[in-house]
1. So, with +1 on the Cβ of K and R and -1 on the Cβ of D and E, and no other charges, what is the size of the charge dipole of the chain about its Cα centre, to the nearest 20 debye?
2. Using amide H atoms built 1.01 Å from N in the peptide plane, name the residues 5+ places from I129, or on other chains, whose amide H lies under 5 Å from its own.
3. Summarise the accessible area of the chain (1.4 Å probe, protein heavy atoms) by the percent that is carbon and sulfur.
4. Any idea which of S87, V51, V65 is furthest toward the positive side of the dipole for segment 1-120, if Lys and Arg beta-carbons carry +1 and Asp and Glu beta-carbons -1?
5. Please list the non-local residues whose amide H lies under 5 Å from the amide H of R79, H modeled 1.01 Å from N, same-chain partners needing a gap of 5 or more.
6. Give the Debye-formula value of log10 I(q)/I(0) at each listed q (0.09, 0.11, 0.12, 0.16 Å⁻¹), with one equal scatterer per alpha carbon of the chain, two decimals each.
7. Kirkwood Rh, Cα Rg: Rg to Rh for segment 211-290?
8. Apply the Karplus curve 6.51 cos²θ - 1.76 cosθ + 1.60, θ = phi - 60°, to the phi angles in segment 237-245 and return the couplings in whole Hz, x for Gly and Pro.
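The values are calculated or read from the model by the stated rules, or taken from the named source; none is laboratory data. Since we're looking at a predicted model, the values are computed, not measured. Glycine also receives a Cβ, built like all others from the backbone with ideal geometry; neighbour counts cover every protein chain displayed. Only protein heavy atoms, including side chains, enter the accessible area calculation; ligands, DNA and RNA are left aside. Shrake-Rupley method; radii C 1.70, N 1.55, O 1.52, S 1.80 Å.
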Amino acid sequence: MHRAIDEGWISGTGPQVILLEQAVGQHFTRHATACANGTLALEAVLRTLNVGAGDTVLCPALTFVSPAAAIRAVGATVRFVDIDPVSWTIDPYALPQDMLARAIIAVDLLGHPCDYDSLLERKLPETIIIEDAAEAHGAQYKGVECGSFGFAATFSLYPNKAVTAGEGGLILTNWRWAQERIQLQVHHGMKAERPYYHEIIGSNYRMSNLNAALALAQVERWDELVAARRQIATWYHEELPEEFIRRPVASWATEGTWLVAVSHADRDALLPHIRASGVDARALWPIIPSNPPYRDGRDYPVAERVSREAFLLPTFGTMTRDDVRHISTILAQALMKVTT
Ligand SMILES: *Cc1c(COP(=O)(O)O)cnc(C)c1O
């Protein structure tokens with residue numbers, strides 16, 4: 001951080017950006033590109049694949065909105081897919097069979113990986129998988145860390161994510177050629193060695209050198225930050241009354257922790273009591289196709305049920321067991337108010 005300022009290099013592809021990309025690349029044994037945020041990371045990947053008007057891209061009906069917004073931003077059509085009741089991620093058995101999708105944005109929702117083997121088996125050969133791992137630092141699919149899957153995987157460095165930098169995004173891919181094309185997209189369609197020559201249209205999705213310095217300090221503590229969140233989830237599972245059902249975990253998955261999510265059939269009655277006691281618990285997102293720009297007249301029964309019953313509990317790296325105990329007590333009290 002001090003170095004970023006001392007170097008007098010606070011914009012453009014600064015040295016800290018390159019160091020960050022090297023550190024993240026090493027962690028995943030993939031090629032990494034830093035960019036402005038997790039939403040533009042997805043957009044850059046779609047543009048790199050030349051996804052645009054006339055193309056359809058699949059994404060889960062239940063997620064934070066970024067994947068759907070990125071699909072629409074590049075001019076493509078979004079087709080939503082229901083989620084699996086255990087993994088809460090895109091259901092490979094619900095992929096539409098009536099059309100050819102150019103890509104799937106597979107979101108590792110709330111710290112749980114997608115079922116990548118089944119997705120590979122069920123998708124059409126032409127459909128490219130993109131992994132949105134923004135909520136799944138440290139989660140594993142059959143022993144392999146989230147961020148390792150698909151043509152490309154993306155992360156967000158938004159403040160509420162497990163690894164943060166105020167704002168920021170990361171894009172990972174296995175191939176040098178793909179990384180080069182992603183970097184063209186992120187840096188105005190030009191390469192550092194040939195300024196003002198534009199191979200493609202590109203745009204400016206860059207991360208600043210200052211943000212990269214913040215991100216690098218966090219990435220160096222990746223495992224520690226992941227472990228701290230995991231500990232908080234464990235405390236919650238030990239302290240919460242059993243009426244609050246924890247997020248299910250598939251047999252092939254190792255959970256990561258973003259925000260701890262639990263469900264209760266009476267969520268909407270409970271939340272006002274919990275919030276009135278000063279605990280910032282929040283209902284999970286409504287399904288994306290319930291929002292005006294994304295309405296499609298289809299039903300997503302599993303996504304709708306999870307969206308109706310699940311809520312997010314305060315989760316941040318510096319929480320103590322006493323914080324978790326206090327919140328759990330308030331949840332227990334809310335339960336008494338609602339059920340008596
Ligand atoms: C947070 C998040 C993003 C990206 O967020 P930015 O705020 O744009 O960095 C993308 N996808 C999912 C699933 C997210 O939760």
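1. 480 debye
2. I104, F151
3. 52 percent
4. My answer, from the dipole projection, is V51.
5. Here the answer is V57, L58, C59, since their amide H atoms fall under 5 Å of that of R79.
6. The calculated log intensity ratios at q = 0.09, 0.11, 0.12, 0.16 Å⁻¹ are -0.49, -0.72, -0.85, -1.38.
7. 1.04
8. 5, 7, 8, 6, x, 5, 5, 7, 8
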